[in-house]
Amino acid sequence: MYLLIVILPLVGTLVTGLGGRWLGRKGANLLSTMCVVLCCCLSLVAFFEVGLCGVPCYLFLSPWISSGALKISWGFLFDSLTTTMLVVITSISSLVHLYSIQYMEYDPHCPRFMSFLEIFTFFMIVLVTADNFVQMFLGWEGVGLASYLLINFWYTRLCANQAAIKALVVNRVGDFGLSLGIFSIFFLFGSLDYELVFASASMYTNYNIYFFGLPINFLTLIGIFLLIGAVGKSAQLGLHTWLPDAMEGPTPVSALIHAATMVTAGIFLIVRCSALIELSSNVLFLITIIGSSTAFFASIVGVFQNDIKRVIAYSTCSQLGYMLFVCGLSYYNVGMFHLINHAFFKALLFLSAGSVIHALSNEQDMRRMGSLINNLPITYASMLIGSLSLAGFPFLTGFYSKDLIIEITQISYYNNLQITFGIFACWLANISVFFTAFYTFRLLFLTFIKNSNSYRKHIENIHESPMLILIPLILLSFASIFVGFLTKDLFVGVGTSFWGNAINILPLSCSLLEIEFMSYLIKWFPFILSVTGALFAYIINVGVLKNNIQFAYNYTFRKLAFSLNKKLYWDKLYNFLIVSSLMKFGYTVSFKNIDRGFIELLGPYGISRTIKSWSIQTIKIQTGQVTHYTFFVVFGLILFLLFVPVLSLFWSFVDIRLLTFCFLALFVV
């Protein structure tokens, strides 16, 4: 059963991708969806056996790599963390597959699209079920490849090409950091198996290396490398620029990338390696700073975006920041709880946005929408539930994890835990709550409530989406209401033993009981901020200030709004400092001086051209007469025979194998 969870998506993607021409659109849709739905059912059974019954499963298939001390096998680890991720991945993927059947109905390449969706699911399953770092890295790279294929699905569009290449290149930075972390782990522990590395990590807390005479803690260095990998994959501040541009792919792709797969891989890596990261306070400090800064940055940038999918994309970036910095505060179980809750309401938001785009003939600008509440009642209800859950409205799924994170930062603030830098995270997290509610309700008002500003031909064709699109919305709406309430005590309840040894939970992290005794004002503060943000969004977009926008003409406000709309010029900064410099170096140094200079002059082409010009113009050897050629051949042979004694003396001092290798290498280059 456990192997079927891994194999079924692989079988589905191979059959659908290679046999799509014979299966046709309906056959490919049916086969791929059935494989993922069956995988989801098996994942629920595995969650019951492993998570609820507490019986982890370890599978060993065969040896994979054996080189000296490096021994890696094909193995799978099914613990409570893995099975929880499997339920999230397969359930969201099943609904996205079902949604895509109708959404991609008229696309001529539907079998290829379904195959790409399924291979995305397969590599994410490989990532979370691996029992060693190399197999995990295989899934990590596979997820990056699948994201490139899906973002660039409409490959005739220049924007899709650029966005896919950007996602791939930016993620290479994080992948390089993760690979360095894996090399460092093998250097220190002599193994890459999770069990051995995590069990012996505490023995190396004082192990240092010296760099230019400065001691560096090796576990801290490993943690930094792992953090770089998580920052790249989970789009944290600095390597976040690929995430908004990933919206160029079809909407089901956006839902899958932002809810259950790609971006959650970085958070999963941090949680999985909690036994390593917890041993270095400096790494925890960096995680807290980066996560809280990302949550704040993405929330203020999302306020000034006009594309409906980009607003939701920046909300994803902000929520990933919440997950990351709460891990920096050593509450890894809370970070996983928010990851699970976020997957359901974020998938709901993206699929609801896709329903709106489908109804408006592919219009994505919120300023060109409005008055859709009567035409799209089910889509509006779904979007409202997802938005309220994102904003942390009481008793919805997002409330139980998001408010818990805010309360944890307030505990850190009032307990003055300087070691985790909780004060910084507390302020930025609370400010982010206000802006999150503002842009969430701005999206609702501009899309569904405000007077219509759409084209007439679009208004005449507005219709509610078909049932295959509405069924995933309805199911995700129920999940966005009830999942947080039903799983709160299981995942983060006081004294729960659900996570077992899968997550390193210190006694500090078990002090969630203290939250129950906080003052009511502190506990209600996030809700007050959310209501204030929603109220401001109403006043500016629908209320008394909708026709009185004098403040928008203020010089300072216009400059600030324009800068935030342009994402604070991160892309321009990267292009100016890195991309342009590398392109200039590549053209002037690599291309002109090396490729067309040094190599062409000393390589086979340059030598042959030089000899040809020398023989024709200087000595005029090339006369075209056979007698002259015969003379030079005989003359060269006589010279060679005369110099044989000298050559024999030369061979006694020179290794003929080295000389031959250098000669061949010159011409290969």
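The requirement of being surrounded by fewer than 24 Cβ atoms within 10 Å (Cβ to Cβ) and within 16 Å of I405 (Cα to Cα) is fulfilled nowhere in the stretch 341-364; no residue meets it. Looking across the stretch 29-47, just one residue is more than 26 Å from the chain's Cα centre (by Cα) and of a type in the set (V, I, T), and that is V45. Over 14 Å from L256 (Cβ atoms), aliphatic (A, V, I, L, M) and without any contact (Cβ under 8 Å) to a residue 24 or more places away in the chain - does that describe any residue in the stretch 116-134? So far as the stretch 116-134 goes, no, none of its residues is over 14 Å from L256 (Cβ atoms), aliphatic (A, V, I, L, M) and without any contact (Cβ under 8 Å) to a residue 24 or more places away in the chain.
Looking at the structure I just gave you, is V173 within 30 Å of P56 (Cβ to Cβ) and outside any loop (DSSP other than H, G, I, E, B)? Step through it out loud before you land on a result.
Details: within 30 Å of P56 (Cβ to Cβ): no; outside any loop (DSSP other than H, G, I, E, B): yes.
Answer is no for this residue.
Taking F485 as the residue in question, decide whether it is part of a helix (DSSP H, G or I), closer than 18 Å to F350 by Cβ and modelled with pLDDT of 90 or more. It would help to see each step written out before you state the result.
On the way: part of a helix (DSSP H, G or I): yes; closer than 18 Å to F350 by Cβ: no; modelled with pLDDT of 90 or more: yes.
So F485 fails the test.
Yes or no, residue by residue, for (1) modelled with pLDDT under 90; (2) within 30 Å of V197 (Cα to Cα):
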| site | (1), (2) |
| --- | --- |
| I5 | no, yes |
| L14 | no, no |
| R21 | yes, no |
| G24 | yes, no |
| C41 | no, no |
| G51 | yes, yes |
| S100 | no, no |
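Name the pairs whose Cβ atoms lie under 7 Å apart, with the first residue in the stretch 66-87 and part of a helix (DSSP H, G or I) and surrounded by 15 or more Cβ atoms within 10 Å (Cβ to Cβ), the second at pLDDT below 90 and small (G, A, S), and 6 or more positions between them or separate chains? From the stretch 66-87, the pairs are S80/G51; S80/G500; S80/A502; L81/A502; T83/G51; T84/G51. Pairs are defined by a Cβ separation below 7 Å, a sequence spacing of at least 6 or placement on different chains, a first member in the stretch 555-583 that is closer than 16 Å to Y314 by Cβ and polar (S, T, N, Q), and a second member that is modelled with pLDDT of 80 or more and assigned to a helix (DSSP H, G or I); the pairs so defined are S563/Y569. Kindly evaluate S254 against the criterion of being polar (S, T, N, Q), in a helix (DSSP H, G or I) and over 25 Å from the mean Cα position of the chain (by Cα). When the stated conditions are applied, S254 does not pass them.
The values are calculated or read from the model by the stated rules, or taken from the named source; none is laboratory data. As the structure is a computational prediction, the values presented were derived from the model and not from experiment. We place every Cβ from the backbone using ideal geometry, glycine too, and count neighbours over all the protein chains shown.
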